[in-house]
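Have a look at the structure below, then the notes.
The values are calculated or read from the model by the stated rules, or taken from the named source; none is laboratory data. Everything numeric here is computed off the predicted structure, so don't read it as measured data. With ideal geometry, Cβ positions are generated from the backbone for all residues, glycine too; neighbour counts draw on all protein chains shown. Areas reflect the complete protein model, heavy atoms only, side chains present, ligands, DNA and RNA absent. Shrake-Rupley method; radii C 1.70, N 1.55, O 1.52, S 1.80 Å.
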Amino acid sequence: MTIKLSSTENVQKFFQEASGFNNDQGNQRMKKLVNRILLDTIKIIEDLEVTTEEFWKAVDYLNRMGARGEAGLLVAGLGLEHYLDLLLDAQDEAAGLSGGTPRTIEGPLYVAGAPLSEGETRMDDGTDPGTVMFLEGRVLDTDGQPIAGATVDLWHANTKGTYSYFDTTQSDYNLRRRILTDADGRYRARSIVPSGYGCPPDGTTQEVLNLLGRHGNRPAHIHFFISAPGYRHLTTQINLSGDEYLWDDFAYATRDGLVGEVSFNDDAAAAKARGVDGRFAEIEFSFQLQKAPSPEQEAIRDRVRAEA
């Protein structure tokens, strides 16, 4: 027989006390959030008849996930980070804000303070034998006019699918740069073609995905923050064409308008003109920024991020 106590007065009062409603200290917003989480949790326990064994297994999972630092990976894999984008899209639509390059998830691997260059930069330190990649494009407004002095903050994985800072074998800020656009709104970067990657196979995120019958793979991709005075900050990424997981990204980051078309070139004369030996790749991708209705919308959204 299923017993439900969550709606009883005694239980409601008990969790109000547990949430700090009976004192004048602390943070009122936190109290409301914790109380809702507690009440929703006990409803889940009741509605799905969660056993004591299942409950403590979940507690153990949270401990292990935290020890591995995989919370940011899990929320992407369960679609929660993508949901935030859908919610922001709906809020924009309701406010009459439209146009520009689509947003998509940031992920957990940004590191602040990458070296800043004007117009163009080289992103790799020369130690990865991957295919040389030339990436360029323009930052424009929604009328197609160039935005000079915009900041293109970009980062991506190496050919092993790992990121500097989190992979301590890489040099500081390898494959991480900031570029100020030139008078024509253009940015240029030389780098290497990144690799897609999967969740750690022994990790807590893949543990859940296995139970859901899902893979944990991402296509090759490049992350971007694009910002300029007077324009809305854009958090986005481009997933690279031709990847097996292009439209099957476990983190749900691929969106229409965010596919970077990769062109590989084996012509020796073209390589020489580019100053490289052998095969190279080219990607051209431009961004359009919306005007900012308020100064607050020019800023990057506040969240905890790594700093080297």
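Observations
- Val139 of a type outside the set (D, E, K, R), at pLDDT 95 or above and open to solvent by 20 Å² or more (accessible area, probe 1.4 Å): no
- Candidate set from the stretch 40-90 (those that are open to solvent by 90 Å² or more (accessible area, probe 1.4 Å) and among the acidic types (Asp, Glu)); member that is modelled with the lowest pLDDT: Glu49
- Search result, residues across the stretch 116-164 that are within 14 Å of Tyr187 (Cβ to Cβ), touching a residue at least 60 places away in the same chain (Cβ under 8 Å) and not in a strand (DSSP E or B): Gly119, Met123, Ile147, Gly149, Ala150
- If only residues of the stretch 239-249 that are out of contact with any strand residue (DSSP E or B) (no Cβ under 6 Å at 6 or more places or on another chain) and either crowded, with 20+ Cβ neighbours inside 10 Å or aromatic (Phe, Trp, Tyr) (or both) are counted, the one that is nearest to His156 (Cα to Cα) is Asp243.
- The single residue among Arg214, Arg188 that is among the charged types (D, E, K, R) and touching a strand residue (DSSP E or B) at 6+ places or on another chain (Cβ under 7 Å) turns out to be Arg188.
- Scanning the stretch 215-234 for residues being open to solvent by 20 Å² or more (accessible area, probe 1.4 Å) and free of Cβ contacts under 8 Å to residues at least 60 places away in the same chain gives a total of 2.
- Criterion applied to Pro102, Pro115 was being surrounded by fewer than 20 Cβ atoms within 10 Å (Cβ to Cβ), touching a helix residue (DSSP H, G or I) at 6+ places or on another chain (Cβ under 9 Å), at pLDDT 95 or above and not hydrophobic (A, V, I, L, M, F, W, C), and the one residue passing it is Pro102.
- Arg177 vs. criteria on the phi < 0 side of the Ramachandran plot, crowded, with 17+ Cβ neighbours inside 10 Å and under 18 Å from the mean Cα position of the chain (by Cα): yes
- Check on Gln297, surrounded by 16 or more Cβ atoms within 10 Å (Cβ to Cβ) and within 22 Å of Thr181 (Cα to Cα): no
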